[in-house]
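Visitor: Shown below is the structure under consideration.
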Amino acid sequence: MSEEPVRLEPAAEAPLHVVATAGHVDHGKSSLILRLTGIDPDRLAEEKRRGLTIDLGFAWCTLPSGREIGFVDVPGHERFVRNMLAGVGPVRLVLFVVAADEGWKPQSEEHLAIVDVLGADGGVVALTKCDLVDEEAVDLAIEDVRDRLRGTALQDAPIVRCSSQTGEGLDALVEALDAMVEAAADPAEDERPRLFVDRIFTVTGAGTIVTGTLTGGRLRVGQEVDLLPAGGRGRIRGLQTHKRSIQMARPVSRVAANLVGIDREGPGRGDVLGLPGEWRPTRVFEVRLRPVRGLAHPLTTRGAYKIYAGAAERGARIRFYETGELTDPEGCFARIRVSDPLVLDVHDRFVLREAGRRETVAGGVVLDADPPVRPGRAVHRRLDARERAARADLPSLLVSERGAVPASDLAILTGAQVSAIEGAERTGTWWVADRVFDQVRGALHAELAAFHEDHPLDEGLELARARASVVRSLQEAGSPGDVSVADAMLSTLFGSGRVVREGSIVRLASHMASLAGREEEAGRLVRAVAEAEPTPPTVDELTSAGFASDLIEAATRAGMLVRLSRDLVMTPGLVARAEALVRGSGNQGITVSAFREAMGTSRKYAMPLLEHLDQRKVTIRRGACLPVSPNTWTSRSLAPLATFGWSVNPGAEATNTRTWTIPRTRSSDPRASFNADSAWRAHCLAASCPCSSVTGSPRWPGCRIFPSTIATCADTYANSPIIRTGMYEATGSGGGGSCSPWVASRSSMPMLGIVTEGRRRALRGG
């Protein structure tokens, strides 16, 4: 092979791959990468001075097939294992380096253990420095390496003898790398992208740059991205791979992302760059944990551990589910709690090191990145199912486990966007397992049926009680007792036709409240009310007299009685008489006192009657009680004065009230107080002038209203049509288009005098 590597153009659409080096310190990893790529991966001045790789290095080359691969060169010294793990964590292809002159060393063993527990998808072993030993030593080294690899992820990896100094075997090594990449499965590109950040720096004029290995999906220039778990949202200004600017980065590749909106101090090694809303950091997760091969001591929960996942390092505490200490090479299910959040996905692999012994002790695979707070008795069955499940099975598995899952959580926890799930039903924003839906549906139907049997006169359950029943059933089914899922399920049940909602009442569709069998009792109730009218007994008095509350409600629903308030019912005949009385009052309306006297009752009964008529839109309260008619003001715009209870004095020039118009709002000043008392009692105070015709628009004069002594009046305003609210009555006079009202006696009629163009026009309250 020539001294300078041959530069080939990469195949544009070929899948990208990244290869991580591994092996003992000073076994020639960096020299080999330099010879293969022409790029020195040792980028730090201290590394060049000491001749020792300290941190991650990066290089790339194009293979004879046209495939382009990137290399992550890792340090081999024991003190820098954490840096090695940051580089190898997201990578699944390995170039394992062993020096022929030194043979297998301690860090060779630890690096192999790391590669093994991370589950390498492919590997090539380079036996370097073959120029320093004779042929027999090379053969012995190859035999020893083959024995060491047996039973590991690299047991079938080809072993290539080579020398970075002489170039011996480099062509064969390149061919072996090409074959490894060709045999490797194409990386997934349709999943959620994650860029595992392993390096952060700034470039003058560009800003923050993060680099890392991209997996899962594609990133594009212009996309918004979240930095997790550090927090922060930015935008991708530019992307590079292998020092080429690109518009889209594909997995698996080494990527540099220029970020806008994220400061240099924000990102750190171990953070993840992902699309907004697709990832949720976690502190607790469940795993299959396996001890490394040849571990000389049991694995216990008492050690001080560090976990390495992706490019991140965290302190960790372990809880075994099946044993007090771990010796079984097959491992066990466990729960891990970390010191700071990690961005994990199901099937992610990790490495566990014991800080005290400074050794790699275990590795594993993530099975649940967001486990239940309490594992439960079925934890082994649940995790066993997860361990055997493919990614496509995760949505169905998650809903089956939890009974109900928000659709947004389903996407985050499984990485899947689904329109249908076997064994589950979409209701609102939730996915609910069929078994849970059946249990909740059956429980609600049973409760409604029992209620209808016990209370045949009642329409049904209150909505709040039905909701509580659904929440209780959800909890009994082992699902989240969330009100939002209960409401979503109720909406679905209402749509099914078997359960009906009427206002705040929920009933079975087959149930109709009826007085059948209690007609005689209902007749006695109506007679008791009618005989005491117009001052009938209250509801409390009726129940004290032996009439059940459900009978009163049923009679009301049947139209035999009319409920005016919580504690008052009357017969329809009395209500009809009151309505006829008000309608007969014409545009003048009727006052409360006149109404009370005409009905022969007291204010205690008159007011609920009038309020009932108001609610039914029979009357409208404008000082007096007015019957609703086509001329009655019901909008927020201009209206005839008569609609406010005003009429023209006899003898006044304007005989058509439509020439006297005012705008009417609840309050012309947002600062004016408007309490519950003044709201329905409010009188209007306005300035108006006649129109040139009965159909023309009014000409507003300049008006000035002085503050009333009533607290609800606003401050002085000038040169505007005036509307004020408040409990007051006023009289006034003026000239030149001005009006000066003031408080008059509460017993006097509201009077407003206006002089316009020298002619006095008086309006009197109706």
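The values are calculated or read from the model by the stated rules, or taken from the named source; none is laboratory data. It should be emphasised that the depicted structure is a prediction, and the values quoted were computed from it without experimental measurement. Heads up, the Cβs are rebuilt from the backbone with ideal geometry, glycines too, and the neighbour counts pull from every protein chain shown.
Visitor: Anything in the range 576-598 that is under 21 Å from THR538 (Cα atoms) and surrounded by 18 or more Cβ atoms within 10 Å (Cβ to Cβ)? List them, or say none.
Guide: Hits for the range 576-598 are ALA578, PHE595, ARG596.
Visitor: What are the pairs, 6+ residues apart or on separate chains, where a residue within the range 525-548 that is in contact (Cβ under 8 Å) with a residue 12 or more places away in the chain has its Cβ under 8 Å from a residue that is outside any loop (DSSP other than H, G, I, E, B) and not aliphatic (A, V, I, L, M)?
Guide: From residues that are in contact (Cβ under 8 Å) with a residue 12 or more places away in the chain, the pairs are ALA530/GLY573; PRO534/TYR605; THR535/LYS604; THR535/TYR605; PRO536/TYR605; VAL539/SER549; PHE547/GLU521; PHE547/ARG524.
Visitor: Within the range 433-471, how many residues turn out to be under 22 Å from PRO371 (Cα atoms), in contact (Cβ under 8 Å) with a residue 24 or more places away in the chain and not hydrophobic (A, V, I, L, M, F, W, C)?
Guide: 1
Visitor: Then there is this: Determine, yes or no, whether THR429 is polar (S, T, N, Q), touching a residue at least 40 places away in the same chain (Cβ under 8 Å) and exposed (fewer than 15 other Cβ atoms within 10 Å of the Cβ).
Guide: On the way: polar (S, T, N, Q): yes; touching a residue at least 40 places away in the same chain (Cβ under 8 Å): yes; exposed (fewer than 15 other Cβ atoms within 10 Å of the Cβ): yes.
Taking the combined requirement at face value, the residue satisfies it.
Visitor: Considering only residues that are part of a loop (DSSP other than H, G, I, E, B) and over 23 Å from ALA249 (Cβ atoms), look in the range 39-71 and name the one that is modelled with the highest pLDDT.
Guide: Filtering the range 39-71 for residues that are part of a loop (DSSP other than H, G, I, E, B) and over 23 Å from ALA249 (Cβ atoms), the one modelled with the highest pLDDT comes out as PRO64.
Visitor: Is there a residue in the range 340-354 that is part of a strand (DSSP E or B), modelled with pLDDT of 95 or more and out of contact with any Gly (no Cβ under 9 Å at 6 or more places or on another chain)?
Guide: yes
Visitor: If a residue has to be within 20 Å of THR535 (Cα to Cα) and modelled with pLDDT of 80 or more to count, how many in the range 550-590 make the cut? Explain how you work it out, then say what you get.
Guide: Taking the range 550-590 as the starting set, the residues that turn out to be within 20 Å of THR535 (Cα to Cα) are 552-553, 555-556, 559-582.
Cutting the leftovers down to modelled with pLDDT of 80 or more gives us 552-553, 555-556, 560-582.
Of the residues in the range 550-590, 27 are within 20 Å of THR535 (Cα to Cα) and modelled with pLDDT of 80 or more.
Visitor: For the range 446-461, which positions are in contact with a strand residue (DSSP E or B) (Cβ under 7 Å, 6 or more places away or on another chain) and surrounded by fewer than 16 Cβ atoms within 10 Å (Cβ to Cβ)?
Guide: Scanning the range 446-461 gives a single hit, ALA449.
Visitor: Another one. Given the criteria surrounded by fewer than 21 Cβ atoms within 10 Å (Cβ to Cβ) and modelled with pLDDT of 95 or more, does ALA172 qualify?
Guide: Details: surrounded by fewer than 21 Cβ atoms within 10 Å (Cβ to Cβ): yes; modelled with pLDDT of 95 or more: yes.
Considered against the rule, which asks whether it is surrounded by fewer than 21 Cβ atoms within 10 Å (Cβ to Cβ) and modelled with pLDDT of 95 or more, ALA172 comes out as yes.
Visitor: When the residues of the range 1-38 are narrowed to those that are in contact with a helix residue (DSSP H, G or I) (Cβ under 8 Å, 6 or more places away or on another chain) and modelled with pLDDT under 85, which ends up nearest to CYS162 (Cα to Cα)?
Guide: Looking at the filtered set, the residue picked out is MET1.
Visitor: Something else now. Please work out which residue is farthest from the chain's Cα centre (by Cα), limiting yourself to the range 178-201 and to residues that are surrounded by 19 or more Cβ atoms within 10 Å (Cβ to Cβ) and part of a helix (DSSP H, G or I).
Guide: Among those residues, the one meeting the criterion is MET180.
Visitor: Looking at the range 394-449, which of the residues that are outside any helix (DSSP H, G or I) and of a type in the set (Asp, Glu) is farthest from ARG381 (Cα to Cα)?
Guide: Here is the first cut: in the range 394-449, the ones outside any helix (DSSP H, G or I) are 403-406, 415-433.
Within this subset, residues satisfying the condition of being of a type in the set (Asp, Glu) are 422, 425.
Working: GLU422: 20, GLU425: 23 Å.
Applying the filter and picking the extreme gives GLU425.
Visitor: If you don't mind, another one. So how many residues does the range 256-278 have that are touching a residue at least 60 places away in the same chain (Cβ under 8 Å), hydrophobic (A, V, I, L, M, F, W, C) and buried (at least 21 other Cβ atoms within 10 Å of the Cβ)?
Guide: Of the range 256-278, the ones touching a residue at least 60 places away in the same chain (Cβ under 8 Å) are 257, 264, 267-275, 277-278.
Now restrict to residues that are hydrophobic (A, V, I, L, M, F, W, C): 257, 272-273, 275.
Imposing the further condition that a residue be buried (at least 21 other Cβ atoms within 10 Å of the Cβ) reduces the set to 257, 272-273.
Selection size over the range 256-278: 3.
Visitor: Out of all the residues in the range 220-234, is one or more closer than 17 Å to ILE69 by Cα and surrounded by fewer than 21 Cβ atoms within 10 Å (Cβ to Cβ)?
Guide: no
Visitor: I'd like to verify a number: residues in the range 156-194 that are in contact with a helix residue (DSSP H, G or I) (Cβ under 7 Å, 6 or more places away or on another chain) and more than 27 Å from ASP134 (Cβ to Cβ), how many?
Guide: Counting residues in the range 156-194 that are in contact with a helix residue (DSSP H, G or I) (Cβ under 7 Å, 6 or more places away or on another chain) and more than 27 Å from ASP134 (Cβ to Cβ) gives 0.
Visitor: Anything in the range 149-168 that is touching a residue at least 12 places away in the same chain (Cβ under 8 Å), over 45 Å from the mean Cα position of the chain (by Cα) and over 12 Å from VAL125 (Cα atoms)? List them, or say none.
Guide: GLY151, SER163, SER164, GLN165, THR166, GLY167, GLU168
Visitor: Only one residue in SER253, SER245 is surrounded by 19 or more Cβ atoms within 10 Å (Cβ to Cβ) and in the same structural domain as PHE196 (by TED's automatic domain parsing), so which one is that?
Guide: Details: SER245 fails: surrounded by 19 or more Cβ atoms within 10 Å (Cβ to Cβ).
None of the others qualify; the one that does is SER253.
Visitor: When residues of the range 573-594 are filtered for being under 26 Å from ARG527 (Cβ atoms) and either without any contact (Cβ under 8 Å) to a residue 40 or more places away in the chain or part of a loop (DSSP other than H, G, I, E, B) (or both), how many remain?
Guide: Counting residues in the range 573-594 that are under 26 Å from ARG527 (Cβ atoms) and either without any contact (Cβ under 8 Å) to a residue 40 or more places away in the chain or part of a loop (DSSP other than H, G, I, E, B) (or both) gives 7.
Visitor: Now, a different point. Would you pick out the residues in the range 418-443 that are farther than 15 Å from SER400 by Cβ and either in contact with a helix residue (DSSP H, G or I) (Cβ under 6 Å, 6 or more places away or on another chain) or among the polar types (S, T, N, Q) (or both)?
Guide: SER419, THR427, GLY428, THR429, VAL440, ALA443
Visitor: If you go through the range 529-548 one residue at a time, how many are closer than 10 Å to LEU574 by Cβ and part of a helix (DSSP H, G or I)? Explain how you work it out, then say what you get.
Guide: First pass over the range 529-548, keeping only residues closer than 10 Å to LEU574 by Cβ: 529-530, 533-534, 536.
Filter once more, keeping what is part of a helix (DSSP H, G or I): 529-530.
Result for the range 529-548: 2.
Visitor: Going through ALA486, ALA466 one at a time, which residue ends up being buried (at least 17 other Cβ atoms within 10 Å of the Cβ), touching a Lys or Arg at 6+ places or on another chain (Cβ under 6 Å) and of a type in the set (A, V, I, L, M, F, W, C)?
Guide: ALA486
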